[in-house]
Amino acid sequence: MWTEFEYCYRDAGNFKAFGTLWFEGVLEPDQSAMLKARLESGEFFIAEQVRVPSLYRGLYQWSNGRSTIDDHCWHAFVGLREHMRLPTDECVASSVREFAERFACVETWQEELSPHFSQ
């Protein structure tokens, strides 16, 4: 079994970039609940803090390759899906257990880890 983690980056101008990660294994119900409970406002997370590839660059094509005042440090959780097999063109990031442990370690989100952090 495999777990697909879907997420996105949506800047203040509502431009979006989407990402998907694949993990070997499936989350137990308590792990899934914990992951969702760790999200800020039930939706947001700092990609750099849980070692998820950031999606900012997906929007740089609209800003001549640099960040803008619309950029911020939060990515949004979209969903989790279980699959019987891995699509042949996908890369597995790690085990789903290891992934869940990254979220379990979060006590507070550290915005300063993002290159778009501003005080």
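Roughly how big is the chain's charge dipole about its Cα centre, with Cβ charges of +1 (Lys, Arg) and -1 (Asp, Glu), in debye to the nearest 20?
240
Per-residue ellipticity at 222 nm for the chain, helices alone: DSSP H runs ≥ 4 residues times -39500 (n - 2.57), over residue total, nearest 500 deg cm²/dmol?
-5000 deg cm²/dmol
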Between residue 20 and residue 43, what is the label-point separation in nm under the 7 Å Cα-to-beta-carbon projection? 2.2
Residue 94's amide H: which non-local residues (gap 5+, or another chain) put their own amide H closer than 5 Å, with H modeled 1.01 Å from N in plane and none for Pro or chain starts? 24
Could you give the accessible area per residue of the chain, probe 1.4 Å, as a whole number in Å²? 61
Could you give the nm distance between label points at residue 97 and residue 30, where each point is 7 Å from its Cα heading toward the beta carbon? 1.4
Length-normalised contact order of the chain, Cα under 8 Å, at least 6 apart, in percent, tallies to 41
Unit charges at the beta carbon, dipole of the range 1-89: most positive-side option, 64, 32, 5: 64
Please report the carbon-and-sulfur percent of the accessible area for the range 7-119; probe 1.4 Å, protein heavy atoms only, DNA, RNA and ligands left out. 47
Where in the range 7-46 does the label zone of residue 81 land, with the point 7 angstrom along Cα→C-beta and an amide N cut-off under 18 Å? 7-9, 17-27
The chain: Cα Rg divided by the 2.2 N^0.38 Å rule of thumb: 1.08
Phi-derived 3J(HN,Hα) across the range 8-18 with the Karplus relation (6.51, -1.76, 1.60, θ = phi - 60°), rounded Hz, x for Gly and Pro, is 8, 10, 10, 7, 5, x, 6, 7, 10, 10, 10
Over all directions, what mean area does the Cα convex hull of the range 1-56 project, stated in square nanometres? 4.3
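The values are calculated or read from the model by the stated rules, or taken from the named source; none is laboratory data. The structure displayed is predicted, hence computed values, not measured ones. Glycine also receives a Cβ, built like all others from the backbone with ideal geometry; neighbour counts cover every protein chain displayed. Accessible surface is based on the protein model in full, side chains and every heavy atom, while ligands, DNA and RNA are left aside. Shrake-Rupley method; radii C 1.70, N 1.55, O 1.52, S 1.80 Å.
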